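Novice: Right, I'll just put the structure down here and ask away after.
The values are calculated or read from the model by the stated rules, or taken from the named source; none is laboratory data. Because the structure is a prediction, the values reported are computed rather than measured. Cβ atoms come from the backbone with ideal geometry, glycine included; neighbour counts cover every protein chain shown.
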Amino acid sequence: MAVTCRDIMDLEICSRLKLLGGADGLDRVVSWPFIKNMDTISEWIHGGELIFVIGAKEDISERGLLALMDEAVKNNISGVVMLHGEGYIKTIPKSVIRFANEHGIPLFKMPFILKLIDITQEISKYIVKDREMNREHGEFEEPSILELLISGKKKEELLAYCSMKLQPLTEADKVLKSEYVKTLKCYLECNNDLLHTSKQMYIHRNTMINRMKKITALLDTNINSVDIRNEFYNIFKVLNHYGEL
């Protein structure tokens, strides 16, 4: 199963994190912990992250924290942890907690005296271990996007899941200026036909073959498997439905 905010709450090292709001979103899938130390997060995240807010360099006024929560919703963040203590975030405004409840974004507070590096490392290890176990026991031990749709998950949870599944490709696209996400989408829409896809992408067939090899390596899966193909095809359908493509 994929790691959720609820799972992270059960970790012993996170026992002193207190949930303030957004309980309806505790089943959001967490792709990775992210420590915020700049004014904006939009340029640096892909969706599904659990954001840790230190408050040393950012705007931590009520207005600033509300702006952060709004940015979290727009970027499909899984949850927000605010470190509180003297000199940083002393109190978390009720308006911020209310916002978390209205949008189903889990909002936690964490004593600043706790070692942030220890907590984020433990969460990272937990996520990696979970992914390794999923691979050992079959690629679809975690719920598929179709199962999430059938179970009535909210838009934010669906988009966070989609972002997590495509994260290796989106990260590569950002760094390498590649078109792996666009290529995979086109490949699936062309029924996994390399020649047809290469024509649609206006690239040489050999270039297309090399791209698919890299995409397969990044996703660490067999994209030609029926179950895997359907999973990613449905992911793109969901993203398209919500205007995320």
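Novice: Residue by residue through the range 100-128, note down the ones that are assigned to a helix (DSSP H, G or I) and without any contact (Cβ under 8 Å) to a residue 60 or more places away in the chain. Before the answer, list the steps.
Specialist: The initial filter retains those residues of the range 100-128 that are assigned to a helix (DSSP H, G or I), namely 100-103, 116-128.
Scanning the range 100-128 gives E102, I117, Q121, K125, V128.
Novice: Within the range 72-98, restricting attention to residues that are touching a residue at least 24 places away in the same chain (Cβ under 8 Å) and among the polar types (S, T, N, Q), which residue is surrounded by the most Cβ atoms within 10 Å (Cβ to Cβ)?
Specialist: So, considering only residues that are touching a residue at least 24 places away in the same chain (Cβ under 8 Å) and among the polar types (S, T, N, Q), the one surrounded by the most Cβ atoms within 10 Å (Cβ to Cβ) is S78.
Novice: Under 8 Å by Cβ, and 6 or more places apart or on different chains, what pairs join a residue from the range 9-29 that is within 18 Å of G48 (Cα to Cα) and in contact (Cβ under 8 Å) with a residue 40 or more places away in the chain with one that is surrounded by fewer than 20 Cβ atoms within 10 Å (Cβ to Cβ) and hydroxyl-bearing (S, T, Y)?
Specialist: none
Residues checked against (1) among the basic types (K, R); (2) touching an Asp or Glu at 6+ places or on another chain (Cβ under 6 Å); (3) farther than 18 Å from G22 by Cβ:
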site: E156; (1), (2), (3): no, no, no
site: L169; (1), (2), (3): no, no, yes
site: K174; (1), (2), (3): yes, no, yes
site: E179; (1), (2), (3): no, no, yes
site: L184; (1), (2), (3): no, no, yes
site: L188; (1), (2), (3): no, no, yes
site: L194; (1), (2), (3): no, no, yes
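Novice: Further question on the same structure: Does the range 102-119 contain any residue that is in contact with an Asp or Glu (Cβ under 8 Å, 6 or more places away or on another chain), modelled with pLDDT of 85 or more and of a type in the set (G, A, S)? First the steps, then the outcome.
Specialist: Here is the first cut: in the range 102-119, the ones in contact with an Asp or Glu (Cβ under 8 Å, 6 or more places away or on another chain) are 103-105, 112.
From what is left, the residues that are modelled with pLDDT of 85 or more are 103-105, 112.
Retained after the next criterion (residues that are of a type in the set (G, A, S)): 104.
Among the residues of the range 102-119, at least one is in contact with an Asp or Glu (Cβ under 8 Å, 6 or more places away or on another chain), modelled with pLDDT of 85 or more and of a type in the set (G, A, S), which makes the answer yes.
Novice: I'd like the full set of residues that are β-branched (V, I, T) and under 14 Å from L194 (Cα atoms), limited to the range 204-237. Steps first, answer last, please.
Specialist: Going through the range 204-237, the residues β-branched (V, I, T) turn out to be 207, 209, 215-216, 221, 223, 226, 228, 235.
Across the range 204-237, the qualifying residues are T207, I209, I215, T216, I223.
Novice: State which residue is surrounded by the fewest Cβ atoms within 10 Å (Cβ to Cβ) when the search covers only the range 14-71 and only residues that are of a type in the set (D, E, K, R) and not in a loop (DSSP other than H, G, I, E, B).
Specialist: Step one: list which residues in the range 14-71 are of a type in the set (D, E, K, R), which gives 16, 18, 24, 27-28, 36, 39, 43, 49, 57-59, 62-63, 70-71.
Now restrict to residues that are not in a loop (DSSP other than H, G, I, E, B): 18, 24, 36, 49, 62-63, 70-71.
Numbers: K18: 13, D24: 17, K36: 23, E49: 27, E62: 14, R63: 11, D70: 13, E71: 18.
Filtering the range 14-71 for residues that are of a type in the set (D, E, K, R) and not in a loop (DSSP other than H, G, I, E, B), the one surrounded by the fewest Cβ atoms within 10 Å (Cβ to Cβ) comes out as R63.
Novice: Follow-up question, since we're still on this one. Inside the range 193-241, can you point out the residues that are of a type in the set (S, T, Y) and farther than 20 Å from P143 by Cα? Give the steps one after another, and end with the answer.
Specialist: Step one: list which residues in the range 193-241 are of a type in the set (S, T, Y), which gives 197-198, 202, 207, 216, 221, 225, 233.
Result: T197, S198, Y202, T207, T216.
Novice: Would you confirm, using the coordinates I've provided, whether L188 is surrounded by 16 or more Cβ atoms within 10 Å (Cβ to Cβ) and on the phi < 0 side of the Ramachandran plot? Break it down stepwise before answering.
Specialist: On the way: surrounded by 16 or more Cβ atoms within 10 Å (Cβ to Cβ): yes; on the phi < 0 side of the Ramachandran plot: yes.
Here the answer is yes, as L188 does meet what is asked.
Novice: A follow-up question, please. Conditions: (1) in contact (Cβ under 8 Å) with a residue 24 or more places away in the chain; (2) at negative phi. E147 meets all but one. Number of the miss?
Specialist: (1)
Novice: Consider V30 against the criteria (1) within 15 Å of K125 (Cα to Cα); (2) of a type in the set (A, V, I, L, M); (3) over 12 Å from the mean Cα position of the chain (by Cα): it satisfies all of them except one. Which criterion is unmet?
Specialist: Of (1) within 15 Å of K125 (Cα to Cα); (2) of a type in the set (A, V, I, L, M); (3) over 12 Å from the mean Cα position of the chain (by Cα), only one is false for V30: (3).
Novice: I'd like to verify a number: residues in the range 52-74 that are within 21 Å of E244 (Cα to Cα) and touching a helix residue (DSSP H, G or I) at 6+ places or on another chain (Cβ under 9 Å), how many?
Specialist: 5
Novice: Separate question: Output yes when any residue across the range 202-222 is buried (at least 16 other Cβ atoms within 10 Å of the Cβ), in contact (Cβ under 8 Å) with a residue 60 or more places away in the chain, of a type outside the set (F, W, Y) and under 30 Å from V73 (Cβ atoms), and no when none is.
Specialist: Checked against the condition, which is being buried (at least 16 other Cβ atoms within 10 Å of the Cβ), in contact (Cβ under 8 Å) with a residue 60 or more places away in the chain, of a type outside the set (F, W, Y) and under 30 Å from V73 (Cβ atoms), the range 202-222 yields at least one hit.
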